[in-house]
Structures are given as structure tokens and as C-alpha cells.
Amino acid sequence: MSEKPGDSLLTKSKPITSPTERMIAFHRGGVGWMIFNNPAKHNALSIEMWKGMGVIMAAFQKEPSVRVVVMKGAGEKAFISGADISEFAEHRSSASAEEEYNRISAESQLTLKTFNKPLIAMINGYCIGGGLGVALAADIRICSDNSVFSIPAARLGLGYGFDGMKTLSDLVGPSSAKDIMFTARKLKAKEAANMGLVNIVTKQTELEDAVEKYVSKVSENAPLTIAAAKLAVNETLKDPEKRDLHHLEQKIRSIFDSEDYKEGRTAFMEKRRPVFRGR
């Protein structure tokens, strides 16, 4: 079954317009939620879902009340099980068709990678191929203990591009990245955590609560500080000659002139919880 209004996460939420019913988006309490809504196919990504992803992330970027965004899969079986193979004959049957498919998916991936707010992947079950690529675009990955990770490109005869390989290699290291690609094997949650593929592993029954608690902490903290920290870490992943340290320094300097910096100091002196507004 697909997620529908009235489900626990949708209660008292504000919807974000999605171009397809296979992608659901809403926000509540400073947290945006993007749900891959194709449970009949274990949330396999179709072209329309890739397009919807870009539209939704752009909307979250513009919504000032959203402090952090969580991605999750509908149902209890998968985050994303990979690309929708039933579309291969139509959309990926040749080099030119594959180029167009890659263009669409790359545009949506870029909206994930350039998102300047914290992005969390809530992973329950299968996280395979392109699904793992989506999860790797997140800042933090929290998974259930029944989750399974794999990139089966070597079993399908697919080419895997430089950007995806660099992201994977930066995260787990060159040797582990080669292991994942060479064997196309399935990694269980514990092994994925040990190699740095995921940040937190929790029981399946406790996953939603764990994510809710985590994003609650993040959304209460100073958004300008968090955005600058994310920018700084992302700059370290670039080649030295491509780093924009001047822009980073400007961002950091602006924090010290912000209302939030004043609020943080005042709240500390008054021994109360600060209320940050992102300005």
C-alpha cells in the first residue's frame, strides 16, 4: 500500500506539491519529509520519481520553516531497491537513452548534494543501487538492523560514473569501495556501519523514534551554524584548487553578526534553551 494522508507521519503536517503520487512530501515542526512512494516495487526509482525528487528538494530549499529534511521509503520493505528495471527497455535501451536518463537523475542528485540544510536518510530494508546513491547524498544515514546495502552494477553490466564512485570512495575508502563494486554483494547493517556507510543502526521497531529524536535535536540548533559547518565539510571534499574558502569565511563571519548569535549568548547567560530563527 502507498502512504496516504492520515498515516502517523502525515498528521498535522503541511504538504509540499509533488508532480507525481509516487513521491510524497510535507513538513511539520521544522522537519521536511520526502517519501519514495512505490512500495509495490520496493520503491524502485522511476523517471517520474527522479523528476519529482528535484521539484520537492527545490521546494524544501525555499521553505524557511524547514530546518532539516528526512528521506524515507514507503512501506516496511525498502528505502529504495534501485532503478525501476521495467523502464530499461524504454528509457535505458541504448547509449543515447542512457545519457538522457543520466541527465535527469544527475539533475535530481544535484539538488540533494547542493541542499544547504541537513539531509537525513532513514533506511529501512533494501537500499540498493541507485537507492544507495540517493542515500549517499544525505549528510547522515540512520538505518534499521534489517537493512541491506548493495550496488549490483557488475551483475547488470552497468557503468558506474565518476561522481558516484568518488562519493562512495570518500565515505568508505578506496578499498571498501572496490570491494562493494567488484563483488556486488549484499552488506548487512552492522557491516555497513563498520565501514562507515551508515552512521547509526537501530532496531527496526525503534527506527522512526530514533530518527524523530535525532532531527528534533538538529532542528533546535542554530541553522546558520549548521549550514556553515556543512559547507565547510563539503569544501574539504573538493580538490584544493576548487575550494571557495573566501565564500566560506564570509558565511562564518556573517554568523557573528546574526540575531541567532546574540540569542545563543543571551540564552546561555540566562540558563535557558535558545530559540533560533535562522537570521
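We did not get these values from a lab; they are worked out from the coordinates using the rules stated. None of the values given here were measured: they were computed from a predicted structure. So basically every Cβ, Gly included, is an ideal-geometry build from the backbone, and we count neighbours across all protein chains shown.
Long-range amide H contacts for Val68: which residues qualify at under 5 Å (H placed 1.01 Å from N, peptide plane, sequence gap of 5 or more or a different chain)? For Val68, whose amide H was placed from the backbone, the distant partners under 5 Å are Gly32. Computed 3J(HN,Hα) for region 116-131, one whole-Hz value per residue from the Karplus formula 6.51 cos²θ - 1.76 cosθ + 1.60 where θ = phi - 60°, is 9, 9, x, 10, 10, 9, 9, 10, 10, x, 5, 9, 10, x, x, x, glycine and proline marked x.
The smallest convex shape that holds all Cα atoms of the chain, its convex hull, gives 141 Å³ per residue. Give me the net charge for the shell around Ser150: Cβ to Cβ below 12 angstrom, other residues only, Lys and Arg +1, Asp and Glu -1. Summing Lys/Arg as +1 and Asp/Glu as -1 gives +2.
The phi-based Karplus calculation (6.51 cos²θ - 1.76 cosθ + 1.60; θ = phi - 60°) puts the 3J(HN,Hα) values of region 264-277 at x, 5, 5, 5, 5, 5, 8, 6, 9, 6, x, 10, 8, 10 Hz, whole numbers, x for Gly and Pro.
If you take every DSSP beta bridge fully contained in the chain, what fraction is antiparallel? Give it as a percent rounded to 5. Don't skip to the end; give the middle numbers.
Numbers: 10 of 33 bridges.
Rounded to the nearest five, the antiparallel share is 30 percent.
A helix-only calculation puts the chain at -14000 deg cm²/dmol for mean residue ellipticity at 222 nm, using -39500 (n - 2.57) for each DSSP H run of at least four residues, averaged over all residues. Taking R0 as 35 Å, what FRET efficiency do you get between Ser216 and Lys166 from their Cβ-Cβ distance, rounded to the nearest 0.05? Calculated transfer efficiency: 0.60.
A Gaussian network model of the chain, with springs between Cα atoms under 10 Å, assigns the largest mean-square fluctuation among Lys77, Lys262, Lys113 to Lys262.
Rounded to whole numbers, the Karplus 3J(HN,Hα) couplings from phi for region 208-215 are 4, 5, 4, 5, 4, 5, 5, 5 Hz, using 6.51 cos²θ - 1.76 cosθ + 1.60 with θ = phi - 60°, and x at Gly and Pro.
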